[in-house]
Amino acid sequence: MNSGLVVGSHGHHVVVETPAGERVICHARGKKNQCVVGDRVQWQASKDEGTIEKIESRRNLLYRQDDIRSKQFAANLDLVLFVLAAEPVFSESQLARALISCEAAKITPVIVLNKADLTVPFNDAMLRLAPYKRMGYDVLGLAIKPTRPVRTEPAEVPRPTNQGLRQAQSERIEVVEQLLQVLQGKTTFVMGASGVGKSSLINLLLPDAEIATREISTALNSGKHTTTTTSWFWLDESKKSAIIDSPGFQEFGLHHVDKMHLAKLMPDFAQYDGECRFYNCTHLHEPQCAVLANLSDEPMDTAIHPSRHAFYARVFEELSQSKF
Ligand SMILES: Nc1nc2c(ncn2[C@@H]2O[C@H](COP(=O)(O)OP(=O)(O)OP(=O)(O)O)[C@@H](O)[C@H]2O)c(=O)[nH]1
Ligand SMILES: [Mg+2]
Ligand SMILES: [Zn+2]
């Protein structure tokens, strides 16, 4: 039996990396051995491919359920970078669901807002993230692959081109160093909607990775350079830090979450845990409910925004209908 790490997931097969750094295509033996990227496995060689015989117990498992049929996960993670962009305008429901999923799996999320070069929509998006900052989430504003300089000088002071270039380069270095600091010594899963710049982020950190990204010139609808598989990349030679690219998604089901546990996974709600009159309060209609008592659209750490409560009620209802 050989040991290995799952570094790629392609639907019908996975790629396993051996301790010596070789990569082998493996197939699962039966339903029980369905593994995901990040899994430590035992595998048996058969000709030039392999069979997964055993999955080592997981530290955690991130669920990302697109719909009833297709589920994708990664295991044994330290950090999730949830990437949003100034454009396309992000879905707050998707963000909120992803954060709940991270909390449920006990994995720290960091929100990355990309495309800082698109100043106006970027600032709007940053404003929409203010409540999440107040909840204690880290928000990192970046321009991973800007199409224009991020910081522009007044038009009447033209700068020599080489200086502009040098500034652009030093900004790149700043972004890379900022990111590498966050990722140091961790296994990080990059997730977010299609087109936000997940693969661009990995290319910036690892120019040799040369992941195809969705360029405007390659017809938006063709989906040609959209990521379709989940892949693991080492960030350092000592193999202490790793980053995982994943396909973009639309929906984000939370069917694995217990509805009575939902409020504990939302930090603005969780601050009132145990303060309602009834221990099994659903925070929907009960008298002397600490959550309902603190609904307010004031920008305060103690407030629960009415739109967050509407979101909570929607997900609570969804989980009440759930067949899972
Ligand atoms: N303006 C601007 N565009 C960017 C920036 N970063 C990435 N992009 C562009 O955004 C588009 C999508 O980037 P990708 O890296 O392919 O996005 P992705 O999240 O991997 O998308 P999927 O693989 O489909 O999930 C590309 O055209 C990038 O050039 C940025 O900082 N500013
Ligand atoms: Mg991609
Ligand atoms: Zn309550």
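Derivation of every value follows stated rules applied to the coordinates shown; laboratory data play no part. Everything numeric in this text was worked out from a predicted model, so none of it was measured. A quick note on method: Cβ atoms are made from the backbone with ideal geometry, for glycine too, and the neighbour counts reach across all protein chains shown.
Given R₀ = 51 Å, what would the calculated FRET efficiency be for Asp273 paired with Arg148, taking r from the Cβ atoms and rounding to 0.05?
Values: r = 46 Å, r/R0 = 0.89.
That pair, Asp273 with Arg148, gives E of 0.65.
Net charge dipole, the chain: roughly 680 debye, given to the nearest 20, about the Cα centre with Cβ charges of +1 for Lys and Arg and -1 for Asp and Glu. From the phi of every residue in segment 270-282, what ³J(HN,Hα) in whole Hz does the Karplus formula 6.51 cos²θ - 1.76 cosθ + 1.60 yield, where θ is phi - 60° and glycine or proline is x? My calculation for segment 270-282 gives 4, 5, 9, 4, x, 9, 7, 4, 9, 5, 9, 4, 8 Hz in order.
One Cα centroid belongs to segment 255-309, the other to segment 16-58; the line between them spans 43 Å.
Scanning the chain for trypsin sites (Lys or Arg not before Pro) in DSSP loops with at most 12 neighbouring Cβ atoms within 10 Å leaves 152-223 as the longest stretch between them. Toward the positive end of the charge dipole of the chain, with +1 on the Cβ of Lys and Arg and -1 on the Cβ of Asp and Glu, the farthest Cα among Ala75, Pro267, Asn114 is that of Ala75.
On the principal axes of its alpha carbon atoms, segment 259-321 extends 33, 23, 19 Å, with the longest extent given first.
For Asn123 and Leu206 in one chain, what is 0.36 nm times their gap in residues minus the Cα-Cα distance, to one decimal in nm?
27.1 nm
With a Förster radius of 25 Å applied to the C-beta separation of Thr228 and Gln178, the computed FRET efficiency comes to 0.30. All Cα-Cα separations within segment 2-55 were binned at 10 Å from zero, giving a P(r) of 30, 64, 6, each value a whole percent of the pairs.
The residues Met126, Met260, Met191, Met1, when put in order of fewest to most other Cβ atoms within 10 Å, stand as Met1, Met260, Met126, Met191.
Report the local net charge at Val15: Lys and Arg +1, Asp and Glu -1, summed over other residues whose C-beta lies under 12 Å from its C-beta. Walk me through the intermediate numbers first.
Values: positive: Arg23; negative: Glu17, Glu22, Asp39, Glu49.
Computed value for this residue: -3.
With both partners inside the chain, how many of the DSSP beta bridges are antiparallel, as a percent to the nearest 5?
Working: 30 of 53 bridges.
Here the share of antiparallel DSSP bridges comes out near 55 percent.
Report, in listed order, any pair from Lys31/Lys115; Lys71/Lys264; Lys54/Lys186 with a Cα-Cα distance greater than 30 Å. Don't jump to the answer; show the numbers that get you there.
On the way: Lys31/Lys115 41 Å; Lys71/Lys264 24 Å; Lys54/Lys186 24 Å.
Too far apart for the 30 Å limit: Lys31/Lys115.
Go from 0 up to the bin containing the longest alpha carbon distance in segment 238-283, width 5 Å each, and give me the % of pairs per bin. Pairs per bin, as whole percents: 5, 15, 17, 14, 11, 12, 10, 8, 5, 2, 0. If the segment from Ala313 to Leu295 were pulled out straight at 0.36 nm per residue, it would be longer than the present Cα-Cα gap by 5.2 nm.
How high is the FRET efficiency from Asn280 to Ala303, r the C-beta distance, R0 22 Å, rounded to 0.05? Plugging the Cβ-Cβ distance into 1/(1 + (r/R0)^6) gives 0.35.
Tell me, what are the semi-axes, in whole angstrom and largest first, of the equivalent ellipsoid of the chain as set by the roots of 5 times the Cα gyration tensor eigenvalues?
On the way: eigenvalues 222, 199, 53 Å².
Values for the chain, descending: 33, 32, 16 Å.
If the chain linking His255 and Ser320 were pulled fully straight, counting 0.36 nm for each residue of separation and taking away their Cα-Cα distance, it would gain 22.4 nm.
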